[in-house]
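This report refers to the structure that appears directly beneath it.
Bear in mind that the values in this text are calculations on the coordinates, not laboratory data. Just so you know, these numbers come straight off a predicted model, no measurement behind them. In this analysis, Cβ positions are derived from the backbone assuming ideal geometry, glycine residues included, and neighbour counts consider all displayed protein chains.
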Amino acid sequence: MVNLPTVAAFGVMPEKVQKLSEIIQEINNRSGAEFDTDRIIRYVIRITEMMRNSAKLKASAQNNEEKDFSFAYFDAIEDAMMDEYDTNREFSKMILENEDMKRQTFGIFEKEMYDWLRGS
């Protein structure tokens, strides 16, 4: 069994967790999958935490406007998901193959990530 971080470990706002829960449910409904919401939330938060530690992404945030940062942000998601691919193969595969699902799932953290990386 893989130990994933808990939501509380990252101080994620409850409204983000609620929105992410809704997105996962929508993904389940659209795809016919049965992803465990709590497990996927922990996985998504793990991916975003990895991105917070990306020097490349930090440089992009500090050297670009928010709209231009978006390209680097979604590229970093792909890189982080590939690094953690074995943690949740089925979900990773689905998100990596579906740009809309990737943007829907991780887009809710984009502005927060940009602001955090610019300020750090």
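Go ahead and run the numbers for FRET between Gln25 and Ala55, Cβ-Cβ distance against an R0 of 25 Å, rounding to 0.05.
Details: r = 35 Å, r/R0 = 1.39.
Plugging the Cβ-Cβ distance into 1/(1 + (r/R0)^6) gives 0.10.
A crude spin-label estimate for the pair Asp38 and Leu96, with each label 7 Å from Cα along the Cβ direction, gives 2.7 nm.
Once every DSSP H run of n ≥ 4 in the chain is given -39500 (n - 2.57) and the sum is divided by its residues, what mean residue ellipticity at 222 nm do you get, rounded to the nearest 500 deg cm²/dmol? Let's see the in-between values first.
On the way: 7 runs with 89 residues, N = 120.
When only DSSP H runs of four or more count, the value is -23500 deg cm²/dmol.
Rounded to the nearest 0.05, what FRET efficiency do Gln62 and Met13 give with R0 = 25 Å and r taken as the Cβ-Cβ distance? Could you check?
For Gln62 and Met13, the calculated efficiency is 0.60.
The count of lysine pairs in the chain with alpha-carbon distances below 19 Å, taking only pairs 8 or more places apart or on different chains, stands at 12. Of the residues Arg30, Arg103, Arg39, the one that moves most in a GNM of the chain with alpha-carbon contacts below 10 Å is Arg30.
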